[in-house]
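The numbers here are math on the coordinates, done by the rules we state, and not lab data. Being a predicted model, the structure only gives us computed values, none of them experimental. Here the Cβ is made from the backbone with ideal geometry for all residues, glycine too, and neighbour counts use every protein chain on show.
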Amino acid sequence: MEKGHSDTVTEGIRVRVGARFVPEQSDPALSRHIYAYRVVISNEGERPARLLARHWIVLDALGERRDVRGPGVVGEQPLLAPGASFEYHSGCQLATSWGTMEGSYRMQRPDDKSEFEVAIGRFFLAPNVAPFHPQKARRP
């Protein structure tokens, strides 16, 4: 995994994330720094899991924290069968030129309705982070 990106595994669910600076949408003079990030969620376990909700913690360079919570991701609550992956893209705006993101997904096992938290490791929102090139993901 490239420096500045994230790669974590919780209960067989791997979450890989990387971000890139989007200069054409940013305006540093107005404290507007736009980052696009790409997430690949893979089920490396033996049981299916559905992503129910997300919780992001966004920190800027001044230590200002913003919590973002909501159902699913990009309007979906994907069900990941064993061996399946789900990929999506989203974005974040910072008032400072760099920051970090981390968080968790709440997942559910369809067979017994048990829920568990999957960690999303910290990754950097910074202009100098290398591009993120994970293996091609498969939609469930």
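Quick notes
- Within segment 1-53, if we keep just the residues that are without any contact (Cβ under 8 Å) to a residue 40 or more places away in the chain and of a type in the set (Asp, Glu), the residue that is surrounded by the fewest Cβ atoms within 10 Å (Cβ to Cβ) turns out to be Glu24.
- Single residue of Ala61, Ala130 found to be surrounded by 14 or more Cβ atoms within 10 Å (Cβ to Cβ) and of a type outside the set (Lys, Arg): Ala61
- Residue pairs whose Cβ atoms lie under 7 Å apart, separated by 6 or more positions or on different chains, with the first residue in segment 66-82 and closer than 29 Å to Thr96 by Cβ and the second surrounded by fewer than 12 Cβ atoms within 10 Å (Cβ to Cβ) and charged (D, E, K, R), do not occur.
- Residue tally, condition among the β-branched types (Val, Ile, Thr) and either touching a Phe, Trp or Tyr at 6+ places or on another chain (Cβ under 8 Å) or closer than 19 Å to Thr8 by Cα (or both), over segment 96-112: 1
- For segment 89-104, a residue qualifies if it is of a type in the set (Ser, Thr, Tyr), more than 15 Å from Asp67 (Cβ to Cβ) and either free of Cβ contacts under 8 Å to residues at least 24 places away in the same chain or in a strand (DSSP E or B) (or both), and exactly one does: Ser90.
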